[in-house]
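Reading through the structure tokens given below for one structure.
The values are calculated or read from the model by the stated rules, or taken from the named source; none is laboratory data. Owing to the predicted nature of the structure, the values given are computational and were not obtained by experimental measurement. Using ideal geometry, Cβ is built from the backbone for each residue, glycine included, and neighbour counts are taken over all protein chains shown. Side chains are part of the model used for accessible areas, which takes the heavy atoms of the whole protein and leaves out ligands, DNA and RNA. Shrake-Rupley method; radii C 1.70, N 1.55, O 1.52, S 1.80 Å.
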Amino acid sequence: MTATIIDGKAFAAGLRARVGDAAAAFTRAAGRRPGLAVVLVGEDAASAVYVRSKGKATVAAGMESFEHRLPADTDEAALLALVERLNADDAVDGILVQLPLPPHIDERAVIARIDPAKDVDGFHPVNAGRLATGLDALVPCTPLGCLMLLKDLHPSLSGMEAIVIGRSNIVGKPMGQLLLGESCTVTTAHSRTRDIAAHVRRADIVVAAVGIPAFVKPDWVKPGATVIDVGINRTETGLVGDVDPAVAAVAGAMTPVPGGVGPMTIAVLLRNTLVAAGRRAGVTVDEGAL
Ligand code: GUN
């Protein structure tokens, strides 16, 4: 058997188009465009590429893009002051501070300062807590994108065995919460998990977000399982996911790297910005149609 390749690039293009239509409707109703502010501190090359493509995608979706580039030696107080200004700015619906921040800045303090209603990354403890308790939340973009791909394939995930490999605040933990919310039986595996292969073998759904090239091996995967590869590892041989490509011979469906989860993140960021704008302006946005 060879896995169906899940075309995240095509799904993301569709989502961006739907968000663009809904953004135009928001603009007609609110008399202004949804606005996303992106903050980049320092010169990290990969981060600069992400920030540029976020800005382009924001404008392409009919939204306002505000870019703030600060030098690497910006102190924490100055960054917090910028976050406060963006919190108070009515034209800004979403605030994204690109991570990682330079080591002299406390990331948690910066995230905690963002107005939870504008926290389109879903990293603020209020949003993490809302997600965990089943309240309306702004949900981290990458795991929400993974869930959209999964639900496109399996409209009901109820009762399925799911394993999330990785326990980061950005992907692993919110991914587990989303799958639990869909009534999956969820296992979270991480670097201290004993006999990880035995856990993966039970799973109907595997989400790999560990940041280790080709970590998940074909003989770990249950035949027919759906495998979502969040990994983007730059190696000497190019971009490699967290899943060994040979898993495609065993899985029922699998995301490629690149072209799987990657394109979903920015599309969901635009979706979250629109959702935040709608909630802030009191304009109805049909979130189910996005
Ligand atoms: N760095 C890597 N991924 C992300 C993300 O989703 N949001 C932010 N803000 N920074 C990141």
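For Asp121, the test of being within 16 Å of the ligand (Cβ to nearest atom), in contact with a Cys (Cβ under 9 Å, 6 or more places away or on another chain) and open to solvent by 10 Å² or more (accessible area, probe 1.4 Å) is passed. The criterion of at least 3 residues that are in contact (Cβ under 8 Å) with a residue 60 or more places away in the chain and not hydrophobic (A, V, I, L, M, F, W, C) is met, among helices (runs of 4 or more DSSP H) falling completely within segment 93-174, by 141-153. If Thr188 meets every condition in (1) part of a helix (DSSP H, G or I); (2) over 30 Å from Arg32 (Cα atoms); (3) touching a helix residue (DSSP H, G or I) at 6+ places or on another chain (Cβ under 8 Å); (4) open to solvent by 60 Å² or more (accessible area, probe 1.4 Å) apart from one, which number is that one? It is condition (1) that Thr188 fails.
Please pick out the residue among Glu76, Glu84, Glu107, Glu64 that is at pLDDT 95 or above, within 16 Å of the ligand (Cβ to nearest atom) and farther than 30 Å from Ser183 by Cα. After ruling out the rest, the residue left standing is Glu107. Does segment 36-59 contain any residue that is surrounded by fewer than 19 Cβ atoms within 10 Å (Cβ to Cβ), outside any helix (DSSP H, G or I) and more than 16 Å from the ligand (Cβ to nearest atom)? No; the residues of segment 36-59 include none that is surrounded by fewer than 19 Cβ atoms within 10 Å (Cβ to Cβ), outside any helix (DSSP H, G or I) and more than 16 Å from the ligand (Cβ to nearest atom). Of the numbered criteria (1) within 16 Å of the ligand (Cβ to nearest atom); (2) farther than 16 Å from Leu150 by Cβ; (3) charged (D, E, K, R), the one Arg279 fails is (1).
Considered as a group, the residues in segment 235-255 that are touching a helix residue (DSSP H, G or I) at 6+ places or on another chain (Cβ under 8 Å) and open to solvent by 20 Å² or more (accessible area, probe 1.4 Å) include one that is nearest to Ala189 (Cα to Cα), and that residue is Asp244.
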